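> The structure's right below; bear with me while I get my questions together.
Nothing in this text is a laboratory measurement; each read-out follows from the coordinates by a stated rule. Given the structure is predicted, the values throughout are model-derived calculations rather than measurements. Don't worry about glycine lacking a Cβ; one is built from the backbone with ideal geometry, like all the others, and counts go over all protein chains shown.
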Amino acid sequence: MTQSQEDYLEMVSFLSDEGRVRVTDIALRLGFSKPSVLTALRLLEEKDLVRHERYGSVSLTDKGRELAGEIRERHFLIKAFLEKNLGVCEETAEKDACKMEHTLSKETFEKLKAFVSPHLPETAPKTENGA
């Protein structure tokens, strides 16, 4: 998956937490045009990650929900590490976490998770497999 596709998937997940997800909502939050969002959604549909009803709502498939959960967990842990361990301000930590979440190796992420997780509240995002 590309970084852009992960960003779209993550945004659908965030918006799903708030209720019904529409193309317009995704476009507004990410700052893209509706045609760009539709193109991205088609690619995610081909990978069986989302479902999109024409002129209707967007939803995650089970596979999409699991992957989005993993992306959100990476984002949350990186942001928490930057803020709590390095003292980076929240706004910068958010922006940097968005960039870093796509590029960390699995090994580095697992080490980071082991380092940061004991210091996080119970409300931290979890993936479907409990990681």
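> Assign one of three labels to region 3-65, namely rounded, prolate or oblate, based on the Cα gyration tensor with a ≥ b ≥ c the square roots of its eigenvalues; rounded applies when a/c is under 1.5, prolate when it is not and a/b is larger than b/c, and oblate otherwise.
rounded
> Which is the longest part of the chain that has none of the trypsin sites (Lys or Arg not before Pro) sitting in a DSSP loop with at most 15 other Cβ atoms within 10 Å?
That would be 55-125.
> About the Cα centre of region 72-119, what is the dipole size in debye to 20, counting +1 per Lys and Arg Cβ and -1 per Asp and Glu Cβ, all else neutral?
With Lys and Arg at +1 and Asp and Glu at -1, about 160 debye.
> For Rg and Dmax of the Cα atoms in Å, pick the label among [x] 16.7, 61; [y] 15.2, 45; [z] 17.4, 50 that corresponds to the value derived from the coordinates.
Of the labelled values, this structure produces [y].
> In whole angstrom, how long is each semi-axis of the equivalent ellipsoid of region 72-119, when you take the square root of 5 times every eigenvalue of its Cα gyration tensor and sort them from largest down?
16, 13, 7
> Count the net charge of all other residues whose Cβ sits under 15 Å from the Cβ of PRO35, scoring Lys and Arg as +1 and Asp and Glu as -1.
Neighbour charge sum, excluding PRO35 itself: +4.
> Something else: Using DSSP to call loops (not H, G, I, E or B), can you name the GluC sites (Glu not before Pro) in region 7-88 whose Cβ has at most 15 other Cβ atoms within 10 angstrom?
GLU53
> Here's another thing I want to ask about it. What is the spin-label model distance, in nm, from SER57 to LEU104 if the labels are put 7 Å beyond Cα along the C-beta direction?
3.2
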